[in-house]
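Derivation of every value follows stated rules applied to the coordinates shown; laboratory data play no part. These numbers were taken from a predicted model, which means no experiment stands behind them. Please note: Cβ atoms are built from the backbone with ideal geometry, for glycine as well, and neighbour counts cover all protein chains shown.
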């Protein structure tokens, strides 16, 4: 029976919001990992920031970062992401908590440590809740093809009901959640 749940959908459909509502409804300290948020200046998106569930944060990507890793106009700070985001995943694995990853996408995949942490999370005994890019990507497509997970598509029409469905699914995986 699959014990990993991936949420996918077009950008801006509400994947992160679904994950945040699920985490907010769980008992404290039962989940570890991170979510991502847009960084805006003057109403314009200039980057992305990773926020761990225990309160740490780091800039994942920004228009003004110097980096050889680039997605569109954003440069990715792999080192900062690994120090904060990947570390949060490793800590969740070690503590045997629900693993939360938002998201498995192009920017994050520049990190080999992140890719390994995702594979470790998928193979772990505890459940994982993650968002994954909707668009085709060779590495992500291999993850999506695994048999030990379910994939749900988030849309504007279902995003308000999904947090309760996800919580029910998680409680079926780990009744203590």
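Annotations
- Distance from segment 93-121 to segment 49-79 (C-alpha centre basis), Å: 15
- In this structure, residue 56 and residue 139 have a Cβ-Cβ separation that, at R0 = 30 Å, corresponds to a calculated FRET efficiency of about 0.70.
- Ranked 155, 30, criterion: other C-beta atoms within 10 Å, fewest first: 155, 30
- The protection proxy used here, the mean number of other Cβ atoms lying within 10 Å of each residue, ranks peptides 35-45, 70-80 as follows, highest first: 70-80, 35-45.
- For the chain, the 222 nm mean residue ellipticity estimated from helices alone, with every DSSP H stretch of n ≥ 4 adding -39500 (n - 2.57) and the total spread over all residues, rounds to -9000 deg cm²/dmol.
- Förster radius 22 Å - calculated FRET efficiency between residue 17 and residue 45 (Cβ-Cβ, nearest 0.05): 0.85
- Once C-alpha pairs closer than 8 Å and six or more residues apart are averaged by separation and normalised to the residue number of segment 1-139, the relative contact order reads 28 percent.
- The length gained by stretching the chain between residue 160 and residue 67 to full extension, at 0.36 nm per residue less their Cα-Cα distance, is 29.8 nm.
- Segment 74-177: relative contact order in percent, alpha carbon pairs under 8 Å with at least 6 residues between: 24
- For segment 61-141, the C-alpha radius of gyration sits at 1.11 times the compact-globule guess of 2.2 N^0.38 Å, with N the residue count.
- Most tightly packed first, judged by the mean number of other beta-carbon atoms within 10 Å of their residues, the peptides 63-69, 116-122 read 116-122, 63-69.
- Inter-label distance, nm, simple model (7 Å from Cα along the C-beta direction), residue 125/residue 171: 2.4
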